[in-house]
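Everything on this sheet refers to the single structure shown next.
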Amino acid sequence: MSGPMCDVRCLFGPFEVPSAGARSSVWGMRPGVVALASASLLLLLCAVPARAAEPSPLSLADTGGGGQLILAQAQGVKSTSGTLSWWERRGGRWVKAGSTVARFGAKGLVEGRARKQGSNTTPTGLHDLPYAFGIKAAPGGTHVKYRRVNGSSWWCEDTRSRVYNRWSEPLASDCRASESERLISYTAQYAYGVVIGFNYAKPVKGRGAGIFLHVNGRGATAGCVSVSVDAMRRILRWADPGRAPHIAIGTVSGVTAITRY
């Protein structure tokens, strides 16, 4: 057996197997059968994976310098789901304001600088959040810049275009529709969204475009981070542009560990 041995006591307290005689008299079973059952129970308990500890801003190398931070963490680079929590500084301390389950790319996660467009991977790293958008009106109490989607709203993902990885309304003449997203077509996912500043300030063509925090679709994403519609509403009401919110995306450990960002 590789890896650390499972200690049942840490899950359920002291665990004692009765003597053979006691087992036979109390349970009416042969000692050999009881021993086998006990061993099977221990193996099942050991097979349950330990839940990863939830990260906090204090564990990160950098928090972006603001007063609000979203943490999106997956178990490993092959994971397509994980957790998302949002934090803010109050009285000099980081306090968790909310948390939810999250979905990631269908092909898992990858170090942002090594990402390739079309890989269906979520880029790890620490990113700013330029603005929010949505097909629906901004939830009441939203303070961040919010851009409403209409039938002419596109996100250009054409590497040949001068507006690569930008909102384009209407679609720029040098941006091919076949290489871009017509935002209104994604009625569930883009009901509410926030632009993640991956490859945004100085776009490297071919690294990836249109990475958002948005509402869940039917399954894993094409590279974005998604959460429930209720969680998106809560995040939009919580986000304060004056506090420079950022998002850190990463895994529990390894070269893409969220603590490295």
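The values are calculated or read from the model by the stated rules, or taken from the named source; none is laboratory data. Computed from a predicted model, the values in this text were never measured in an experiment. As a convention, Cβ positions derive from the backbone with ideal geometry for all residues, glycine included, and neighbour counts pool all protein chains shown. Each accessible area value is taken on the protein alone, full model and side chains, heavy atoms only, with ligands, DNA and RNA left out. Shrake-Rupley method; radii C 1.70, N 1.55, O 1.52, S 1.80 Å.
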How many residues are closer than 27 Å to G118 by Cα, open to solvent by 10 Å² or more (accessible area, probe 1.4 Å) and in contact with a Lys or Arg (Cβ under 8 Å, 6 or more places away or on another chain) when one looks only at the stretch 220-261? 2
Restricting to the stretch 63-77, name every residue that is more than 18 Å from A231 (Cβ to Cβ) and either modelled with pLDDT under 95 or hydrophobic (A, V, I, L, M, F, W, C) (or both). V77
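Of all the strands (runs of 3 or more DSSP E) wholly in the stretch 82-141, which have at least 2 residues that are surrounded by fewer than 18 Cβ atoms within 10 Å (Cβ to Cβ) and in contact (Cβ under 8 Å) with a residue 24 or more places away in the chain?
Correct list: 93-103.
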Of (1) touching a Gly at 6+ places or on another chain (Cβ under 8 Å); (2) under 24 Å from I235 (Cβ atoms); (3) among the small types (G, A, S), S119 satisfies every one except (2)
Cross-chain or 6+ apart pairs with Cβ under 8 Å, the stretch 191-219 first and on the phi > 0 side of the Ramachandran plot and open to solvent by 40 Å² or more (accessible area, probe 1.4 Å), then of a type outside the set (K, R) and part of a loop (DSSP other than H, G, I, E, B): none
The stretch 151-162: number of residues that are open to solvent by 40 Å² or more (accessible area, probe 1.4 Å) and under 16 Å from Q189 (Cβ atoms): 1
Give me a count of the residues in the stretch 163-190 that are surrounded by fewer than 19 Cβ atoms within 10 Å (Cβ to Cβ), touching a Gly at 6+ places or on another chain (Cβ under 9 Å) and of a type in the set (G, A, S). 1
Which ones in the stretch 78-118 are in contact with a Lys or Arg (Cβ under 9 Å, 6 or more places away or on another chain), closer than 17 Å to V225 by Cα and among the β-branched types (V, I, T)? T80, T100, V110
Out of the stretch 169-194, which residues are farther than 14 Å from E157 by Cα, out of contact with any Leu (no Cβ under 6 Å at 6 or more places or on another chain) and of a type in the set (A, V, I, L, M)? I184, A188, A191
Of the residues in the stretch 205-261, how many are over 12 Å from the mean Cα position of the chain (by Cα), in a helix (DSSP H, G or I) and not charged (D, E, K, R)? 9
Looking at the stretch 58-77 only, could you name the residues that are in a strand (DSSP E or B) and either open to solvent by 10 Å² or more (accessible area, probe 1.4 Å) or under 19 Å from T122 (Cα atoms) (or both)? L69, I70, L71, A72, Q73, A74
